[in-house]
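Every number here is computed from the coordinates shown, using simple stated rules; none is lab data. Not measured: the values here are computed from a predicted model. Cβ placement follows ideal geometry from the backbone for every residue including glycine, while neighbour counts extend to all protein chains displayed.
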Amino acid sequence: MGLKTWLGLKSIRRGDAEDAYSPAAVLQCAEGEQKQQRLRAMLRKLTPKRAIGVDKLRVGCPYDGGYVMLDDFRGIVVAVSCGVGSNWAWDHEIAERGIRVRQFDEKAYSSEGEWPLIDLTAVRISGSSRAGQITLDEIVAGLNVAPATALLKIDIEGAEWEVFETVGDAALSAFSQIVVEFHGLGRATDETRLSKYEVAIEKLNRHFQSVHVHGNNHSPFVTVHHVVVPDVIEISFASRRRFEFVDSIETFPTAIDMPNRRFAQDLWLGTFTF
């Protein structure tokens, strides 16, 4: 190597080192570390605990459309199903328990005939009230139920964040259990979305404890602020009013989980601790 070449490489390496410790680079690193800490704090609120004295079961069909819940339906008078499409498996199984099911989906349909306990409203659930849309607050107000006597299943392709970000505490308190599919965790790299996600999860965490997690393998793992998470994840929540919880070392997926995409491996989440 000639002297000029060596001196040139040395200059580049010195420049790289100087850039790495520049004020802008240090600030960027600090901002990245702060966002990672915020993301991990949010995810810790989703780490499952075990409900004391209550087993879990799968409700709905095998593969996509089935959800893990606590096996406690005492005193439940109504279930709210948001985002139905053509898969009514969860709704049917809940109705077979004698529980009335209120469905909300602007595109829902079924070829299996009418069910006496299932009532479909063709409307889109949203975080704001306008023509063709309805909020969770409005749905719960129409139910007129006592606290922790309703169920909620919600799979609305990303709009769930806005719904939970804007819903009132009174509406949330109506539910004993909530099963929700959260979409787009990979988008938490955006500050606006991360803030929206934090508000939604904090609000849910005030009233509910996560008892089960399952990654939807129709979507991949993603890396967000150097944290690896499923881009789409199903969370089962249980009411803090109705149940008591202890820490758990359960790993996910469990024996009663099934991959959403039938002929692909399920997503390994371990204990989902952060």
Nonlocal amide H pairs with Gln103, under 5 Å, H built at 1.01 Å: Ser81, Asp119, Leu120, Thr121
Neighbour count of at most 15 Cβ within 10 Å plus DSSP loop: longest trypsin sites (Lys or Arg not before Pro)-free window in the chain: 131-239
Taking every DSSP bridge whose two residues both lie in the chain, the antiparallel percent to the nearest 5 is 55
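Within the stretch 45-246, count lysine pairs with alpha carbon atoms under 19 angstrom apart where the residues are 8 or more positions apart or belong to different chains.
Here the count comes out as 6.
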From the list (i) 20.4; (ii) 19.2; (iii) 19.9, can you say which value of Kirkwood radius over Cα pairs in Å was derived from the structure given? (i)
Given the rule -39500 (n - 2.57) for each run of at least 4 DSSP H residues, summed and divided by the residues of the chain, what is its mean residue ellipticity at 222 nm, to the nearest 500 deg cm²/dmol? -9500 deg cm²/dmol
